[in-house]
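Undergrad: Below you'll find the structure I mean.
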Amino acid sequence: MAETQTLYAAFAGKIDAVLTALSDEGVLPAGTARDGVSVEPPRDPAHGDLATNAALVLAKPAGLNPRALAERIAAGLAADPAVVSAEIAGPGFINLRLADSAWLNELAAIAAAGPDYGRSARGAGTTVNIEYVSANPTGPMHMGHCRGAVVGDALAALLEFGGHKVIREYYVNDAGAQVQTLARSAHMRYREALGEDIGEIPPGLYPGDYLVPVGEALAAEFGGRYAAAPEAEWLDLFRTRTVAAMLETIRGDLALLGIHHDLFSSEAELQAAGKPEQAEAWLRAHDLVYDGVLEAPKGKPAEDWEPVELPLFRSTRFGDDQDRPIRKSDGNWTYFGADLAYHMQKAQGADELIDIWGADHAGTVKRIKAAVAALSAGEGKPIPFDVKLVQMVQLLRAGEPVKMSKRSGNFITIADMVEEVGKDVVRFTMLTRKPEAQMDFDFAKVVEASKDNPVFYVQYAHARIRSTLRKTAADGLAPSADGLDRLGADELAVVKFAAQFPREVEAAAKAREPHRIAFYLYDLAAAFHAFWNAGNDDPEKRIILTHDRALTSARLFLALQIGQVIRNGLAILGVEAVEEL
């Protein structure tokens, strides 16, 4: 659907029209960039409804005093019938007060757009590849994977809402030593399924019970053929079968969170297809890989260091602190070499790349950014690339830490979490803090029915609205826009907050920060609850007035649209807007 014209967008257009008129008059130099011009709510609502920094941004290139330019801009804006006043504040900010009709029209715009209110076409179909989760396929999804999964999935939905085409990708690390360990672990369970007493799982293998059904499936398929066979006969086969089984488990775990990827890209297949070799050849052709010797590690005795010539990527050309090897001394690919080839592959199908990584990968960011920058330089086209680092979550139960260890098999899975507290609680809670900030997830606190629990507070606002609409419908009352002009300052304050949703979506998409939507929804819910609670002190402020059906219908219309905005925001986050609590 095409982008909906909303109040903030409309006034951005009106300000731009005034600036164009001033440019035609010669007040502003032709071609003056207006990228920094903004329209937003003033920090203090007492100052007005909207504020613009246009005079401050454009005064210097115009060679004018900011307040002098502000006077010209304000005069142009004051001529608009929707503007009650245009006042200059401080060094040149312009504060606008709007007619009530402007906000009532926005309420009608929410109703007209419905689920598309706030949707934008600014992405213009740009294809963004978002890689997220990408956990080693060695077991079920657990809490350590959950936060990045939710952040990546919400970001994908946010960018789609903003007009981008999004590719959701999962990179399967199935070519390293850890999947060989997984295959050996599955072989133990395979022998167990055949009736052998395997005793304790040896140290270094995966002891989790999740491999028991994998072993049973292998026994059913192959019988005892590989029970005593040399490892060379079964290792690759068992690796392939076990990774496939783990990926099915992973897909199922992610589906419990409402997460579905478009692509599962295999590192093993990447290497089998010769992609790293192709990447190396391309980089050498562009003088971006050379054969050289790394410097000795700092603090390591000289006698313990043996210089070895390796193929090195020129990452220092792109901001890294040293050139990086793409192969090991035995000729195998380094993690960086394989990742470099993978990112080259991703860039062939997208205009922009975003990776969601755990904070423990922070040391890899600079070199991968250097690799993508090199690709951009070699191809002659910019490929925007961003890495979002997500901190681990400390899992608590009644304030006490819950220990997790994937290798020991003692961990809380995503399936366990969803079963205990529900998908919506998990998803919303993961977005209640910036991803780079530490987070505690306490099973007791996330299900509290209180204002301190954001997911409850937002869902309660929606449920309260839906309950009110059901009750009034039973009494023969329906929302109506006919009497909106009777809404007063308290009602309009909620409308003004709801009207910020499109610009919040735009800002969140531009910053690649879906948590901003969760923050906004909490504030919108607070504004609605405050409006509702005002009726507890003053009966005339209640939504339902038995003696005034027309005003009741207008307030119901307001509530209906606030509910719509909450639903739209929750949909971006992948959270259900519940009908009742």
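The values are calculated or read from the model by the stated rules, or taken from the named source; none is laboratory data. Note that the structure is a prediction, hence the values are computed from the model and not measured. For neighbour counting, all protein chains shown are included, and Cβ atoms are generated from backbone atoms with ideal geometry for every residue, glycine included.
Undergrad: Within segment 56-107, which residues are in a helix (DSSP H, G or I) and β-branched (Val, Ile, Thr)?
TA: The answer is VAL57, ILE73.
Undergrad: Given the criteria under 21 Å from GLU491 (Cα atoms), in contact with a strand residue (DSSP E or B) (Cβ under 7 Å, 6 or more places away or on another chain) and surrounded by fewer than 17 Cβ atoms within 10 Å (Cβ to Cβ), does ALA99 qualify?
TA: yes
Undergrad: Still on this model: Which of the residues belonging to segment 305-329 are assigned to a loop (DSSP other than H, G, I, E, B) and not aliphatic (A, V, I, L, M)?
TA: TRP305, GLU306, PRO307, ARG314, GLY319, ASP320, ASP321, GLN322, ASP323, LYS328, SER329
Undergrad: Same structure, new question: Mind checking which helices (runs of 4 or more DSSP H) fall wholly inside segment 455-570 and carry at least 3 residues that are in contact with a helix residue (DSSP H, G or I) (Cβ under 9 Å, 6 or more places away or on another chain), of a type outside the set (A, V, I, L, M) and under 20 Å from GLN5 (Cα atoms)?
TA: Helices (runs of 4 or more DSSP H) meeting the threshold: 501-511.
Undergrad: What number of residues within segment 1-51 are farther than 19 Å from LEU104 by Cβ and assigned to a loop (DSSP other than H, G, I, E, B)?
TA: Number satisfying all stated conditions: 20.
Undergrad: Kindly establish whether ALA437 is outside the structural domain of TYR520 (by TED's automatic domain parsing), out of contact with any helix residue (DSSP H, G or I) (no Cβ under 7 Å at 6 or more places or on another chain), in a helix (DSSP H, G or I) and farther than 24 Å from ASN173 by Cα.
TA: No, not satisfied.
Undergrad: Can you tell me which residue among ALA244, ALA285, ALA296, ALA279 is assigned by TED's automatic domain parsing to the domain that holds MET188 and at negative phi?
TA: That would be ALA244, the only listed residue that is assigned by TED's automatic domain parsing to the domain that holds MET188 and at negative phi.
Undergrad: As an exercise: evaluate ASP523 against (1) surrounded by 20 or more Cβ atoms within 10 Å (Cβ to Cβ); (2) under 27 Å from the mean Cα position of the chain (by Cα); (3) of a type in the set (Asp, Glu) and give the number of the one condition it does not meet.
TA: Failed condition: (1).
Undergrad: Which residues, taken from segment 240-276, are crowded, with 21+ Cβ neighbours inside 10 Å and under 28 Å from ARG327 (Cα atoms)?
TA: THR242, VAL243, GLU267, LEU270, PRO276
Undergrad: I need the full set of residues from segment 155-165 which are within 21 Å of TYR342 (Cα to Cα) and surrounded by fewer than 22 Cβ atoms within 10 Å (Cβ to Cβ), in order please.
TA: LYS165
Undergrad: Looking at LEU28, LEU77, LEU19, which one is modelled with pLDDT under 95, surrounded by 18 or more Cβ atoms within 10 Å (Cβ to Cβ) and in contact with a Ser or Thr (Cβ under 9 Å, 6 or more places away or on another chain)?
TA: After ruling out the rest, the residue left standing is LEU28.
Undergrad: Consider only pairs whose beta carbons are under 8 Å apart and that are at least six residues apart or on different chains; among these, list those whose first residue lies in segment 358-369 and is within 16 Å of TYR132 (Cα to Cα) and outside the structural domain of TYR342 (by TED's automatic domain parsing) and whose second residue is modelled with pLDDT of 90 or more and surrounded by fewer than 17 Cβ atoms within 10 Å (Cβ to Cβ).
TA: Hits for this filter: zero, empty list.
Undergrad: Which one of these does GLY139 not meet: (1) assigned to a helix (DSSP H, G or I); (2) modelled with pLDDT under 95; (3) in the same structural domain as THR334 (by TED's automatic domain parsing)?
TA: Failing condition for GLY139: (1).
Undergrad: Quick one: ALA124 ticks every box in (1) at positive phi; (2) surrounded by 17 or more Cβ atoms within 10 Å (Cβ to Cβ); (3) of a type in the set (A, V, I, L, M, F, W, C) bar one, so which box is it?
TA: (2) is the only condition that ALA124 fails.
Undergrad: Among the listed residues GLY148, GLY176, GLY152, identify the single one that is surrounded by fewer than 23 Cβ atoms within 10 Å (Cβ to Cβ) and more than 14 Å from PHE264 (Cα to Cα).
TA: GLY176
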